[in-house]
Every structure is written in structure tokens, then in C-alpha cells.
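A.B. asks: Here it is, the structure in full.
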Amino acid sequence: MSLSVPHALAVWRRNASMYSRTWKWNILPNFFEPVLYLVSIGIGLGGYINQMGGTTYLVFLAPGLVCVAAMNGASFEVTYNIYVRLVFEKAYDAMLTTPIEPDDVLAGEVLWAITRASIYGGCFFAVVAVAGLAPLPSALWVLPLIPLAGLLFAAIGIAFSLRIPNIDLFSFYFTLFLTPLFLFSDVFFPLKERLPAQWLWLGEALPLLHPVRLARAAFRGEASLILLWDVFYILVVSILLLAWARSGVRRRLTN
Amino acid sequence: MIVQLRAVSKSFGDRLAVDALSLDVPAGICFGLLGPNGAGKTTTLRMIYGVTRPNSGAIQVFGLDISRNPRAVRARLGVTLQQNVLIEALTPEENLRVFGRYHLLREPELSRRIGEVIDFLELGSHAKMPVRQLSGGFQRRLAIALSLMNRPELLILDEPTTGLDPAVRLALWSRIRELRAAGTTVLVTTHYMDEAQRLCDRVAIVLAGKVVEEGPPADLIAAHLAPEAVELDCSPDEEAALLAGDSPSLRRLRVGNRVTFYLDNAAPLIEQIRRQDRGRHRPLVVRPTNLEDIFLALTGTSLEAGL
Ligand SMILES: Nc1ncnc2c1ncn2[C@@H]1O[C@H](COP(=O)(O)OP(=O)(O)OP(=O)(O)O)[C@@H](O)[C@H]1O
Ligand SMILES: [Mg+2]
């Protein structure tokens, strides 16, 4: 194990320096998106739905979308943006002339992806809260959950990014992996009420399902044992994928 | 020795990039690594700072095994990569700040050091403009400035002056000499033989991953070619006529229609050429033999001895 936290933070600082140049313009769209979703689907579509999962459709929808925002924030960072830094900006070539090691790069990038997930998810949550859809204080449990979802999708995205030879393949990741997750992970309807019992295990395999279930529980202020499984899933999958990614990052950055 | 390579080999697939290469770089000198494109210079440098792992052989830097101590070694050296790695959206000052943090420099030391390298490489005039708006020469100087942030004991420069105008190149040489005078060991690659000759205390000529010659430039020149060179334009037929029966062991280098002769004393040859030319005043260049001649003699294919 050769992780040095100060060096990982230096990697994180590089990304933060670049982001802070343009943060005003980067952060603005994060507020429009939730408004558009909540108005279109929550109010527009929701107008035809009396209730879902025991609440109005708008209230049902909000926590899941917060998680989706976190997922997207992390995913963009560890796919397109890491690829740009690796291939076009050659940032890691410069880092590896200093005491920074590949493990520090991995940790710094994951931390940065979590940061971006937190910005995305946090903005979404702020809009939801202002719209009165987040019962306080219990909904505040979402705040630690957003970086956790960021960690999960950073780990999955990095594992995928390390395997692909060129940037064009990222669109498969988005259309064939993230989009189905978005549509089928309890965000728009309770999956377990629509899925035949013998297929429920498949639903449990979907990564996004777990943060969404946790977020919804936070909004409702209801704790249950299954939430432990959700946290366990997120942590174990993240740790396993990141452990596996270590050798891949080393292979990509050194030869 | 600051850098010591022993029988180091590296292959990429079935291409052997570095072939049982051995090298010693003593402390406090400027050492030049010369060689044609693809000779394995960059690969050798990457192995020295530990991002390329040799297939066999041993590498010590500062007396430490680089494969076991990459962090400790890299903390003490600086590298200017062959291609600039700069953050184009940020200013030179911000680039230096980001890079200084890779070395864990903290305020106020970080800002102080940024000021020093900006002064040293004369970056002050554009220190607050985005890098993408700066000229290529300015960007190159910034890339070199980055590698000085940690006050390296060993400075590795991979073709530092490619693309620089003559004035900037001269200024850079004098900066490199200043660093050397202050005790920094410099390991530099270049394709400019005049640069190597003027700047380097020792050079190694690398060919197909092997060191074919190593030593002070003056010694290399003396060991391989006579000290005076005569250059002129003439076809191979004309050349035979000019030399008619003379100088059977004369060393020459021909590239297209340009031929260079190497001799201990140029005067008799010049006289003979003038005689054979019968009044026609053919332009001749008479100059001291230089490192470029040696480089071409060792790496080129068109050098022959005799007629
Ligand atoms: N990552 C790599 N994968 C495959 N081949 C490589 C790799 N890096 C270098 N090579 C090959 O190794 C050989 C040496 O390359 P290297 O870059 O060290 O040469 P160089 O002396 O620095 O050349 P130049 O003067 O053009 O910079 C070349 O044949 C090159 O194609
Ligand atoms: Mg090179």
C-alpha cells in the first residue's frame, strides 16, 4: 500500500484549482436541472398520479433524483474528465515526475469525483428543500448519503474507464449502463412492486437502487434493517472495485 | 555518482528500446544524452525517475534503488518533459502553485518559491495571463520553471530548448550553468550538437538503446576525427577529380552534394582544391571539427574512409 494522503490531496487541489476558475458557470446548470425535472415529471406527469408509495408523486420522486444528480456528477468526472486529463492534458505524466504515486492519483481523483457528486447532489437537494419537498430535519440524512453515492459511482466509473481503449466507448457507459439505472432503480416507481418476486435479486444488484432507497428512507424519516444492507452494498462494492482499480491505474500511468 | 545505470534493458513488446545500457552521471556536472530519434533517450530518463520499469538491470539515483524509493528520489529531482504539460486555462503563477503542491510545498514557502522561479526564468511579465495565450517559448520556460519548484539536486531536461529562439536559448544555457555552479547536477537530452558541446561537461551518444561513446565533448572529437574540417559542395565525380590520387586515408562525410573532409592540417587540401579548380573560386568552409561531426560519424551511415 503506498497511499500518501497529502499527495492525494495535491491531486485533488489541481482539479479544484481548475474548477474554481469557472465554478460560477459550472454550478448554475445544477440548479436548472432539478427545477426542470420536478416541474415536468413531478408536477406534469405527477398530476395524473394520485399517490405513489404512500405520498404524492412529487414527494416520491425528489429523493431519487438527488441520488441521480450525485451519480451523474461522479460519472462525468471519472469518465470523460479523467480521460482528458490522462490523454490530452497528460496531467498524470507531470504528477509522476514528483513524489506522487499512482495510488495517490487514484485516491485524489476519487475524492474529486465525490466532490463533484456532492456539488451536483447538494444543489439538487437545495432546490428540493426550497420547494418544501424535503421534510427537515430527517431529510438532512441525505447529506452524508450524497458523497457515499458519489464514491460508489466513482469506483464503478473508474473500473470501466480503465478497461476501455478510447473515449468513444464512454457513450456506451452512459446509454447502456447509467440510463437504465436511472430508469429502473426505484427513482420513478417502486421497482419491487412491478418486478416478479423471482427477479427481485436482480433489482438488488442495481447500484443506484441502494442510495435511492436510503435517500427515500431519509426523506420519510423511517429506518429499517434493509438500509444496513444498502450501506454495506455501497461500501463493499466501492472498496472492491477501487482495490481492483489500483493495479489498472498503475499500468496506465507507468510502463 | 548521482545516477548510475548498470546493464539496463527495456523492451516494449518485441521492440528493444534500451539495450543493456550503463551510464554514470557524477555530481555537479551537466551531462548530455545524445542520440537520433527513437534511440531510447526519453525511455532512459523515465527509468531514472521511476515511471518506466526496466526489464533487467539496476538503477541507482542519489545512491538509492529507484524501484524501492520512488518517492524519496523524485522529491529530490526535477523533470522537464519532452512535451510541455501545462494547465492552459490557468496562469503561470497558478500552474506553479499547483505543481508546488505536488511537492507538498506550503505557504508561505510556496509563494516565496514561485516568486523565485518566476524571477529566475524571467516569467514575470506574463505571470498573470492564461497559459494558452503565451508564446511557445514562454510556455517552454514555464515548463522548466515547474521542474525547479522543489530546488532539485538533479535536474532532468528532455530536449529543453526545442522550439526556442536563439536569444532565449542562450539565456537558458546561462541559467543552466548557474544551476550547475550552485551544485545542481543536470542531465539533458538535445538534438542540437552545438548546444551539447557548449553546455555539457560530458556527453553519452546513444544508438539503438546502447551507449556507443561517452566522455567530454573535446575528448570525443579528438578520439574520432582530425581537428580541422573543410566543407564544400561537389558531386562524387568532381570530388574524385579534385583529390586525384591524393590522401588515400582522408576521412570524409558526404550528405547529398555536400562533403566534409577531416584533417590535421587543412591548408594543403585547400591549396590542392584551388589548383584543381584552376581559378574558379569555389566556396569553402574551413572550421574546427565539432560534436556534430562526431555524432554523424557515429550515428550516420554516409561516413567513409578513403576513396
Ligand atoms: N510506451 C511505449 N510503447 C511502445 N514503444 C515505445 C514506448 N515508448 C517508447 N517506445 C519506443 O522505444 C523507442 C525509444 O523511444 P524514446 O522515446 O525513448 O526515444 P528518444 O530517444 O527519446 O527519441 P526522440 O529523440 O524522438 O525523443 C522508440 O522506438 C519508441 O517507439
Ligand atoms: Mg525523446
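The values are calculated or read from the model by the stated rules, or taken from the named source; none is laboratory data. Everything numeric in this text was worked out from a predicted model, so none of it was measured. Glycine gets a Cβ as well: all are built from the backbone with ideal geometry, and neighbour counts include every protein chain shown. These accessible areas exclude ligands, DNA and RNA; they are computed on the full protein's heavy atoms, side chains included. Shrake-Rupley method; radii C 1.70, N 1.55, O 1.52, S 1.80 Å.
A.B. asks: So, of the residues in the range B:9-63 that are more than 23 Å from B:GLY215 (Cβ to Cβ) and of a type in the set (A, V, I, L, M, F, W, C), which turns out to be nearest to ligand 2 (Cβ to nearest atom)?
C.D. replies: Among those residues, the one meeting the criterion is B:ALA17.
A.B. asks: Could you list, in sequence order, all residues of the range B:103-144 that are basic (Lys, Arg) and either outside any helix (DSSP H, G or I) or not assigned by TED's automatic domain parsing to the domain that holds B:GLU93 (or both)? Please lay out each step first, then the result.
C.D. replies: So in the range B:103-144, the residues basic (Lys, Arg) come out as B:106, B:112-113, B:128, B:132, B:140-141.
If the condition is that a residue be basic (Lys, Arg) and either outside any helix (DSSP H, G or I) or not assigned by TED's automatic domain parsing to the domain that holds B:GLU93 (or both), then B:ARG106, B:LYS128 are the ones that fit.
A.B. asks: Six or more apart or on different chains, Cβ under 6 Å: which pairs go from a residue in the range B:3-21 that's touching a residue at least 40 places away in the same chain (Cβ under 8 Å) and within 12 Å of chain A (Cβ to nearest Cβ) to one that's in a loop (DSSP other than H, G, I, E, B) and within 16 Å of ligand 2 (Cβ to nearest atom)? Could you list them?
C.D. replies: That search, which allows pairs on different chains as well, returns B:ALA17/B:GLY40; B:ALA17/B:GLY209.
A.B. asks: Which residues, taken from the range A:141-181, are surrounded by fewer than 14 Cβ atoms within 10 Å (Cβ to Cβ), closer than 17 Å to A:PHE124 by Cβ and in contact (Cβ under 8 Å) with a residue 24 or more places away in the chain?
C.D. replies: none
A.B. asks: Could I ask something else about it? Please tell me if B:LYS10 is among the basic types (Lys, Arg), within 15 Å of ligand 1 (Cβ to nearest atom) and touching a helix residue (DSSP H, G or I) at 6+ places or on another chain (Cβ under 7 Å). Break it down into steps so the answer makes sense when it comes.
C.D. replies: Values: among the basic types (Lys, Arg): yes; within 15 Å of ligand 1 (Cβ to nearest atom): yes; touching a helix residue (DSSP H, G or I) at 6+ places or on another chain (Cβ under 7 Å): yes.
Yes.
A.B. asks: Restricting attention to the range B:228-235, does a residue exist that is within 29 Å of B:GLU159 (Cα to Cα) and either in the same structural domain as B:LEU81 (by TED's automatic domain parsing) or open to solvent by 10 Å² or more (accessible area, probe 1.4 Å) (or both)?
C.D. replies: Taking every residue of the range B:228-235 in turn, at least one turns out to be within 29 Å of B:GLU159 (Cα to Cα) and either in the same structural domain as B:LEU81 (by TED's automatic domain parsing) or open to solvent by 10 Å² or more (accessible area, probe 1.4 Å) (or both).
A.B. asks: Follow-up question, since we're still on this one. Go through the range A:1-31 and count every residue that is away from chain B (no Cβ under 12 Å) and surrounded by 12 or more Cβ atoms within 10 Å (Cβ to Cβ).
C.D. replies: 5
A.B. asks: I'd like to verify a number: residues in the range A:194-212 that are in a loop (DSSP other than H, G, I, E, B) and either at pLDDT below 90 or in contact with a strand residue (DSSP E or B) (Cβ under 9 Å, 6 or more places away or on another chain) (or both), how many?
C.D. replies: At the first step, the residues of the range A:194-212 found to be in a loop (DSSP other than H, G, I, E, B) are A:195-196, A:206-208.
Add one more test, that the residue is either at pLDDT below 90 or in contact with a strand residue (DSSP E or B) (Cβ under 9 Å, 6 or more places away or on another chain) (or both), and what stays is A:195-196.
Number of matching residues: 2.
A.B. asks: Scan the helices (runs of 4 or more DSSP H) fully inside the range A:89-193 and keep the ones with 1 or more residues being away from chain B (no Cβ under 14 Å). Working first, answer last.
C.D. replies: Values: elements: A:91-95, A:102-130, A:142-163, A:179-184.
Ranges flagged: A:102-130, A:142-163, A:179-184.
A.B. asks: Something else now. Here's a check for you: in the range B:52-81, which residue that is more than 10 Å from chain A (Cβ to nearest Cβ), within 16 Å of ligand 1 (Cβ to nearest atom) and closer than 20 Å to A:ARG252 by Cα is most open to solvent (accessible area, probe 1.4 Å)?
C.D. replies: Taking the candidates together, the pick is B:ASN55.
Matching residues to (1) within 16 Å of ligand 1 (Cβ to nearest atom); (2) open to solvent by 10 Å² or more (accessible area, probe 1.4 Å):
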residue	(1), (2)
B:PRO92	no, no
B:PRO108	no, yes
B:ASP119	no, yes
B:HIS126	no, yes
B:PRO130	no, yes
B:SER135	no, yes
B:MET149	no, no
B:ILE156	yes, no
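A.B. asks: Does the range B:77-91 contain at least one residue that is of a type outside the set (Gly, Ala, Ser), free of Cβ contacts under 8 Å to residues at least 60 places away in the same chain and outside any loop (DSSP other than H, G, I, E, B)?
C.D. replies: no
A.B. asks: Among the numbered conditions (1) within 30 Å of A:GLY44 (Cα to Cα); (2) out of contact with any strand residue (DSSP E or B) (no Cβ under 9 Å at 6 or more places or on another chain); (3) crowded, with 21+ Cβ neighbours inside 10 Å, tell me where A:LEU61 comes up short.
C.D. replies: Here A:LEU61 clears every test but (2).
A.B. asks: Can you tell me which of (1) in contact (Cβ under 8 Å) with a residue 24 or more places away in the chain; (2) within 16 Å of ligand 2 (Cβ to nearest atom) is the one B:ASN95 doesn't meet?
C.D. replies: Only one criterion in (1) in contact (Cβ under 8 Å) with a residue 24 or more places away in the chain; (2) within 16 Å of ligand 2 (Cβ to nearest atom) is unmet by B:ASN95, namely (2).
A.B. asks: Among the residues of the range A:160-177, which ones are touching a helix residue (DSSP H, G or I) at 6+ places or on another chain (Cβ under 6 Å) and modelled with pLDDT of 85 or more?
C.D. replies: Once the filter is applied, which keeps residues that are touching a helix residue (DSSP H, G or I) at 6+ places or on another chain (Cβ under 6 Å) and modelled with pLDDT of 85 or more, the range A:160-177 yields A:PHE160, A:SER161, A:LEU162, A:PHE170, A:TYR173.
A.B. asks: I'm checking my understanding of the structure. Among residues of the range B:37-51 that are within 14 Å of another protein chain (Cβ to nearest Cβ) and near ligand 1 (Cβ under 10 Å from one of its atoms), which one is farthest from the chain's Cα centre (by Cα)?
C.D. replies: Restricting attention to the range B:37-51, the residues satisfying the condition of being within 14 Å of another protein chain (Cβ to nearest Cβ) are B:40, B:42-51.
Pick out the ones that are also near ligand 1 (Cβ under 10 Å from one of its atoms) and you get B:40, B:42-47.
Details: B:GLY40: 13, B:THR42: 11, B:THR43: 14, B:THR44: 13, B:LEU45: 12, B:ARG46: 16, B:MET47: 17 Å.
Per the criteria, the residue is B:MET47.
A.B. asks: Tell me which of these B:SER67 doesn't satisfy, since it passes every other one: (1) small (Gly, Ala, Ser); (2) outside any loop (DSSP other than H, G, I, E, B); (3) within 16 Å of B:ILE48 (Cβ to Cβ).
C.D. replies: (2)
A.B. asks: In this structure, is B:ARG113 away from ligand 1 (no atom under 16 Å from the Cβ), within 10 Å of another protein chain (Cβ to nearest Cβ) and either under 25 Å from the mean Cα position of the chain (by Cα) or open to solvent by 20 Å² or more (accessible area, probe 1.4 Å) (or both)?
C.D. replies: no
A.B. asks: With within 16 Å of ligand 2 (Cβ to nearest atom), at pLDDT 90 or above, open to solvent by less than 50 Å² (accessible area, probe 1.4 Å) and away from chain A (no Cβ under 14 Å) as the only criterion, which of B:ILE221, B:ILE205 stands out?
C.D. replies: B:ILE205
A.B. asks: Next up: Identify all residues within the range B:148-177 that are of a type in the set (Gly, Ala, Ser) and more than 30 Å from B:LEU104 (Cα to Cα); write none if there are none.
C.D. replies: If the condition is that a residue be of a type in the set (Gly, Ala, Ser) and more than 30 Å from B:LEU104 (Cα to Cα), then B:GLY163, B:ALA167 are the ones that fit.
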